[in-house]
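See below for the structure under consideration.
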Amino acid sequence: MSELVGRAEDWQLEHVHRDPAADPEAGVRRERTALVDVNNFYVSCERAFDPTLLNRPVVVLSNNDGCVVARSEEAKALGIATGTPWFKLAPSADRFRLAARSSNYELYGDMSARVMNPRMLQ
């Protein structure tokens, strides 16, 4: 059985496991499942280590810097779409203060593990 705990904004789903042979109040084990969503995750990781990227449009590029795989809110506001090839953006990057970073999947994996650390979620 699953039930939503608190408001939807609290994003807690509680699973209640009951032992049917036990007293209705005994043997209840509760697990909590949380959805953790980090906005613009790859860009957020890059900004954590480079504060010059704050408050400006940022894109993270695919392997071999081919196309955009992540965008900051500022880049989205410029109309930059996911999948846009970098060669189309590069000529106007200086005019829009657009920063581009090569994808760093090792960094994103490490940061994801930190976000999902059970001690951090308690």
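The values are calculated or read from the model by the stated rules, or taken from the named source; none is laboratory data. Everything numeric here is computed off the predicted structure, so don't read it as measured data. Note that we place each Cβ from the backbone using ideal geometry, even for glycine, and neighbour counts take in every protein chain shown. The area values use the complete protein model at the heavy-atom level, side chains included, leaving out ligands, DNA and RNA. Shrake-Rupley method; radii C 1.70, N 1.55, O 1.52, S 1.80 Å.
Taking segment 74-96 as the range and being surrounded by fewer than 18 Cβ atoms within 10 Å (Cβ to Cβ) and not hydrophobic (A, V, I, L, M, F, W, C) as the test, the residues that pass are LYS76, GLY79, THR82, GLY83, THR84, PRO85, LYS88, PRO91, SER92, ASP94, ARG95.
May I ask you to list the residues in segment 69-122 that are assigned to a loop (DSSP other than H, G, I, E, B) and of a type in the set (Val, Ile, Thr)? Before you say what the answer is, go through the steps one by one.
In the first step, residues of segment 69-122 are kept if they are assigned to a loop (DSSP other than H, G, I, E, B); the result is 72, 78-84, 93-98, 103-104, 116-117, 122.
The answer is ILE80, THR82, THR84.
Scanning segment 77-122 for residues that are of a type in the set (Phe, Trp, Tyr) and within 21 Å of ALA48 (Cα to Cα), we see that the one that is farthest from the chain's Cα centre (by Cα) is TYR105.
In segment 51-64, of all residues being open to solvent by 60 Å² or more (accessible area, probe 1.4 Å) and not hydrophobic (A, V, I, L, M, F, W, C), the one that is farthest from PHE41 (Cα to Cα) corresponds to ASN64. Among the residues examined, LEU61 does not qualify as under 17 Å from the mean Cα position of the chain (by Cα), modelled with pLDDT under 75 and either among the aromatic types (Phe, Trp, Tyr) or within 25 Å of MET111 (Cα to Cα) (or both). Taking ALA99 as the residue in question, decide whether it is loosely packed, with under 11 Cβ neighbours inside 10 Å and within 21 Å of ASN39 (Cβ to Cβ). For ALA99, the condition - loosely packed, with under 11 Cβ neighbours inside 10 Å and within 21 Å of ASN39 (Cβ to Cβ) - is not met.
Considering each of ARG71, ARG30, ARG18 in turn, give the residue that is at pLDDT 95 or above and either of a type in the set (D, E, K, R) or open to solvent by 50 Å² or more (accessible area, probe 1.4 Å) (or both).
Details: ARG30 fails: at pLDDT 95 or above; ARG18 fails: at pLDDT 95 or above.
The match here is ARG71.
Close Cβ contacts (under 8 Å, 6 or more residues apart or on different chains) running from residues in segment 92-108 that are over 10 Å from VAL59 (Cβ atoms) to residues that are among the basic types (Lys, Arg) comprise ARG97/ARG56.
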